[in-house]
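The values are calculated or read from the model by the stated rules, or taken from the named source; none is laboratory data. Computed from a predicted structure; not experimentally measured. Here Cβ is always computed from backbone atoms with ideal geometry, including for glycine, and neighbour counts include all displayed protein chains. Keep in mind that these areas ignore ligands, DNA and RNA; they rest on the heavy atoms of the full protein, side chains included. Shrake-Rupley method; radii C 1.70, N 1.55, O 1.52, S 1.80 Å.
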Amino acid sequence: MRTSALLLAALVAATAALAAAAAADDGIIRIPLSKRTHTAEMRAKFSAARAAWSDGNPTTTLEAFAAAAQPTPIPLKNLQDSEYYGPVTIGTPPQDFTVIYDTGSSNLWVPSVHCTNFTSSPGCQNHHRYNASASSTYRKDGRGLFLPYGSGIVLGYISEDDVAFGGVSIKNQSIGEVTVEPGQVWVESPFDGLLGLAYPLLSMPPGVVPPFDTIMKDGTLAHNQFSFYLSSTDGDDTSMLLLGGTDPKYYSGEITYVPFNGLQFLLGYWLITGDSISVAGKDTGVCKNCALVVDTGTSILTGPPTQIDPWLKAIGNVSADCSNVASLPTITFAIAGKNYDLEPSFYVLKAPDASGKMTCQLGIEALNPGIPLFILGDPFLRKYYTVFDRDQNKVGFALATQQ
């Protein structure tokens, strides 16, 4: 009997090992991401900064933007307040950083060791800083870096060095060394920098090649696509970025692919078209062939200030004490003829206040990037496993497996 049990245990172990080996050989590179929920106070600061930035932006229509002789890419300039972070190394020997893998921007940047004025750039003091002189593979570039965010303008310069994440090594990758990082927001952020995964059109300055484009040029992946599974659970390694394909472990059903909005080539975002946004089954009228940015770097859903009010009114008030969350309506996004429901458990954000008491707020806000764009941020992406396909220039959605 004991011999049979040992044989069975050995067989189970061998099967598990074979399964793990098969998963490791599927050509997909898995990068674990950690989730950290912002406090209520931090979210209030993010919200105030968004409002202040939006109020100061001029607005044009999508038609006027497209008709311009030389349309200029519109940066979202969000606070990059995502709650999901992952590792990256830069240099030889490798220097470790934590970054947002952000589909709403295209630069890779981290604080520089030359960010030394902690009065004007307090965020540099408590984050990892890149030291070019400590890397044998560093190469000087020298172009200036200018990145406008709601919390202030981030400044620095471009350098080149070897970069690695998820076991993928990239030689001579352009990186931003940030020397000016104003604002208290950066002090409180648990990430060091950003790794942008949008199209090259958004790179600053123009001509800088984003990391994923370098991977494509090198032919590293069998399929030039990546996918995100964003968990609702806080902690290390609860979420996943997959390079080179998809993993059905993280979703159920079929992946539905959506073609790009016609203005994508002018904007550089992962931009698709929404048919409508409904609340409790009733069309709010705010989205008629509207432009939707699919953005892992934004922790909320947003809409243009001039259009969003009917949507917010249809949802109603969210009680700060979370007492009415269960009774709030379902939001439905109609995209390419398919409905995507989003329950209040996803679009209402819970966070502890200074006393540790859990509070609730609506995870939908007005944002004016200069043209009428809606952002499908983390609340939507937690419900729907999302595929970003550079080979076919399309975005795919499937119901995420909630863990």
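Values for this structure:
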read-out	value
Residue match in region 138-146 (condition: of a type in the set (G, A, S) and closer than 15 Å to G193 by Cβ)	no
Tally of residues being polar (S, T, N, Q) and either assigned to a helix (DSSP H, G or I) or closer than 29 Å to F226 by Cα (or both) across region 279-322	5
Filter result for the condition that a residue is over 25 Å from P94 (Cβ atoms) and buried (at least 16 other Cβ atoms within 10 Å of the Cβ), over L221, L197, L202	L202
Filter pass, P379 being at pLDDT below 95, buried (at least 18 other Cβ atoms within 10 Å of the Cβ) and within 21 Å of the chain's Cα centre (by Cα)	no
Qualifying positions in region 282-304 - over 21 Å from V348 (Cβ atoms) and open to solvent by less than 60 Å² (accessible area, probe 1.4 Å)	G285, C290, A291, V293, P304
Yes/no for V325 being of a type in the set (A, V, I, L, M, F, W, C), under 26 Å from S203 (Cβ atoms) and open to solvent by less than 60 Å² (accessible area, probe 1.4 Å)	no
Residue that is least open to solvent (accessible area, probe 1.4 Å) [pool: residues in region 133-166 that are outside any strand (DSSP E or B) and touching a strand residue (DSSP E or B) at 6+ places or on another chain (Cβ under 6 Å)]	S135
Residue tally, condition in a strand (DSSP E or B) and either more than 20 Å from L399 (Cβ to Cβ) or open to solvent by less than 40 Å² (accessible area, probe 1.4 Å) (or both), over region 252-266	3
Hits in region 271-281 (condition: open to solvent by 50 Å² or more (accessible area, probe 1.4 Å) and touching a helix residue (DSSP H, G or I) at 6+ places or on another chain (Cβ under 9 Å))	A280
Subset of region 204-234 that is among the small types (G, A, S) and under 17 Å from the mean Cα position of the chain (by Cα) - its residue that is nearest to L155 (Cα to Cα)	S227
Condition met for S231 (part of a loop (DSSP other than H, G, I, E, B) and over 17 Å from F165 (Cα atoms))	yes
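Yes/no per residue for (1) modelled with pLDDT under 95; (2) in contact with a helix residue (DSSP H, G or I) (Cβ under 9 Å, 6 or more places away or on another chain); (3) over 29 Å from P259 (Cβ atoms); (4) open to solvent by less than 10 Å² (accessible area, probe 1.4 Å):
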{"residue": "N317", "(1), (2), (3), (4)": "no, no, yes, no"}
{"residue": "T330", "(1), (2), (3), (4)": "no, yes, no, no"}
{"residue": "Y340", "(1), (2), (3), (4)": "no, yes, no, yes"}
{"residue": "I371", "(1), (2), (3), (4)": "yes, yes, no, yes"}
{"residue": "F374", "(1), (2), (3), (4)": "no, no, no, yes"}
{"residue": "Q392", "(1), (2), (3), (4)": "no, no, no, no"}
{"residue": "V395", "(1), (2), (3), (4)": "no, no, no, yes"}
